[in-house]
Amino acid sequence: MKTFVRASWMIVFAALLGGPTHALAADLSISIDFPSGSGRVQEIDRATRAIRLEPTPHKGRGWSCWWFVKVAGIAPGETITLTVGPPPWATPDHAAYSIDGGKSWLQTGKGERTKTNITYRQKIDAPEALFAWGPPFTPDDAAALVKEIASKVDGRDGVKAEVFELCKSNEGRSTPAVRLTPPASTDGARSRGLFVCARQHAWESGGSWVGRGFADFLVSDAPAAVALRKRTIVYFVPIMDIDNVAIGAGGKNQDPHDHNRDWTDKPVFPAVAAAQAIIRTLDKAGTFDLFVDLHNPAANDLKPFFFVSEQDQLSDLGKANLNRFVAESVKQITGPMALDPKTRPSGPAYDKNWRAISKNWVGANTHPGVVALTLETSWNTPNSNIQGYKTVGGQLGAAIAAYLDKKD
Ligand SMILES: [Zn+2]
């Protein structure tokens, strides 16, 4: 789908009104004809170099909160005014922008809010710029990342690393994933099992970037990472809701429900069914220990935190292990986005469909000692950028390694 607006009539109009005629730069235009593109133009005012847009609505595909547009026709050095909203979910204090075609992402200055929208003003030293809710992470990025992980790890220390297709989505898209298999142990110690995924909610691109940071740790030469790889079966899925990420839809609360309310005996989404099958198989073999689901939280959650299962859903061993994992995470995730040591339960008081939330399903369908949780990494802080997200992900990796290392 493509939106392309030429606003030259505004110049004519402005000229007729005696408006500014010095703006001889090319027409400002907006396009979204690329993966994860989203943005419906409400107005482009060429005279004032101002653009107003809202996330592209996708009926039945969840919250309209993700936006990602290309602005062309910029006179390098000029300031572009971009107004976005509603809803508030779409309006971070600092938007992400790129002037190198998405290779690197920066944050705009702090936007100015009204009740319904936010306005960013950003000087752009290029003829084109990308603007987005947050740093995008597309299906192509997911495919490249799992390939990179496999190529960096495969064959080292006897570890086998394979890219595989988690599933074909309901719309036929390939869902990239990677599996690390450790060598058979020589001392009789059992393998540990870890499953990490992101983007059950398509708009929460920060989850994939935290995953990217986790991956950087996983493939690194840090002794803790090497030890982790040597005895852990690792599954990593950078994007679960590949269909909505591909088309730039929000995904959250989509019809009939989103991926993170799909963990039942009859999942609607192939990615959930495939993840469940992997987790069940690992657990049956006695090689499953930890499930981490990566998300972005509400706008006013300014510290990362874990959602966990209600206490009455956990065994004594489950509680003890959960507490140990959270303690390791508090030790590791120290900033610039430091983890809130206080976890939050997502049980019946949180959502009537709480049983269909990933970690609750994992907890209920695996051995009592398994730890399953959701990491919510803040998206509305000055550190909610690629570097900040990756730092949280690397620190999460260190916490995972420390936790699994001490596990019997
Ligand atoms: Zn989420």
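Okay, here's what the table says:
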quantity: Potential extension, A285-S315 segment - 0.36 nm per residue separation minus Cα distance; calculated: 8.8 nm
quantity: Beta bridge orientation in region 139-406: antiparallel %, DSSP, nearest 5; calculated: 45
quantity: Cut-off 20 Å (backbone N to label point 7 Å along Cα→Cβ of T186), residues of region 127-167; calculated: 154-161
quantity: Neighbour-count order for V84, V371, V163, fewest beta carbons within 10 angstrom listed first; calculated: V163, V84, V371
quantity: Inter-site label distance for D27 and T116 at 7 Å from Cα along Cβ, in nm; calculated: 2.7
quantity: Cα-projected label distance for K152 with D125, points at 7 Å along beta-carbon direction, nm; calculated: 3.0
quantity: Rg over Rh, two decimals, the chain (C-alpha only, Kirkwood Rh); calculated: 1.02
quantity: Three-way shape call for region 314-408 based on the alpha-carbon gyration tensor, with the a/c threshold at 1.5; calculated: oblate
quantity: Rounded to the nearest 20 debye, dipole of the chain from Cβ charges on Lys, Arg, Asp, Glu; calculated: 220
quantity: Label-reachable residues, region 322-338, where backbone N falls under 18 Å from a point 7 Å from K406's Cα toward its Cβ; calculated: 322-334
quantity: Added length on full extension, which subtracts the Cα-Cα distance from 0.36 nm per residue, N300 to F34; calculated: 92.7 nm
quantity: Label-point gap, in nm, between K352 and A72 - each point 7 angstrom along Cα→Cβ; calculated: 4.8
quantity: Contour minus Cα-Cα distance for D140 and D265 (0.36 nm per residue); calculated: 42.0 nm
quantity: Tilt relative to the chain, helix 386-406 - C-alpha long axis, 0 to 90 degrees, to 10; calculated: 0
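A short reminder: the numbers here are calculations on the coordinates, not readings from a lab. None of the values given here were measured: they were computed from a predicted structure. So basically every Cβ, Gly included, is an ideal-geometry build from the backbone, and we count neighbours across all protein chains shown.
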